Amino acid sequence: MKNKSTDEARFDAALAHGLARMALGLNIAIHGYGRLPDLIGFANGMVKQFAATFLPGPVVYITALGIPIGEAVIGTLLFFGLFCRPTLVFGTLLMLLLIFGSSLIQQWEIASVQMIYVAFYSGLLATVRYDRFSLDGLRQPK
């Protein structure tokens, strides 16, 4: 016999997870896609921002080229719910990289916002078992 209350709770948890995942994915994807048209300008700007740090300019430049691409890929995968678990892990690792950079140039407000993203990624990772409304969910056997 099915428990209607339990079924509704599972549905609600899956719906909440799916909507939160899509919102984070959209946010991260737009961060990336918005920077892609001026990728070189973005990378050059990052080199200027990090000029007073110990990081070599070429390392900052190459890293800055990869950040928007990573954001676009991670955000798109999250939005559609494809490879959710590894994408959430890679998204968190990207945030760690960004927090490192923000902290290095003492942009504490930005680092604080990035910590909120980490909490969001962590919450989604902790509840990935509720992943149902996604491409991954469609690929799971019933």
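Rule-based calculations on the coordinates, nothing more; no lab input. Every value quoted in this text rests on a predicted model; they were computed, and no experiment measured them. Every residue, glycine among them, receives a Cβ derived from its backbone with ideal geometry; neighbour counts consider all protein chains shown.
Here are the numbers for this structure:
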{"item": "Cβ-Cβ FRET estimate between Ala20 and Asn44, R0 fixed at 41 Å, reported to 0.05", "result": "0.75"}
{"item": "Dipole axis of the stretch 4-133 (+1 Lys, Arg; -1 Asp, Glu on Cβ), positive-most option in Cys84, Leu65, Asn27", "result": "Cys84"}
{"item": "Stokes-Einstein translational diffusion, the stretch 60-142 - Kirkwood Rh over all Cα pairs, 0.890 mPa s, 25 °C, in µm²/s", "result": "179 µm²/s"}
{"item": "³J(HN,Hα) computed for each position of the stretch 102-108 - Karplus, 6.51 cos²θ - 1.76 cosθ + 1.60, integer Hz, glycine/proline x", "result": "4, 5, 4, 9, 6, 9, 5"}
{"item": "Neighbour cut-off at most 14 other Cβ (10 Å), DSSP loop, trypsin sites (Lys or Arg not before Pro), the stretch 1-51", "result": "Lys2"}
{"item": "In degrees, nearest ten, helix 39-49 long axis to first principal axis of the chain (Cα)", "result": "60 degrees"}
{"item": "Expected 222 nm ellipticity per residue - DSSP helices of 4 or more, -39500 (n - 2.57), all of the chain, to 500", "result": "-27000 deg cm²/dmol"}
{"item": "Added length on full extension, which subtracts the Cα-Cα distance from 0.36 nm per residue, Ala13 to Gln107", "result": "30.3 nm"}
{"item": "Potential extension, Ala119-Ala52 segment - 0.36 nm per residue separation minus Cα distance", "result": "21.1 nm"}
{"item": "Length released on extending from Val128 to Val89, taking residue separation times 0.36 nm less the Cα-Cα span", "result": "12.9 nm"}
{"item": "Spherically averaged projected area in nm², based on the convex hull that wraps the Cα atoms of the chain", "result": "9.5 nm²"}
{"item": "Over the chain, relative contact order from alpha-carbon pairs under 8 Å, at least 6 apart, %", "result": "31 percent"}
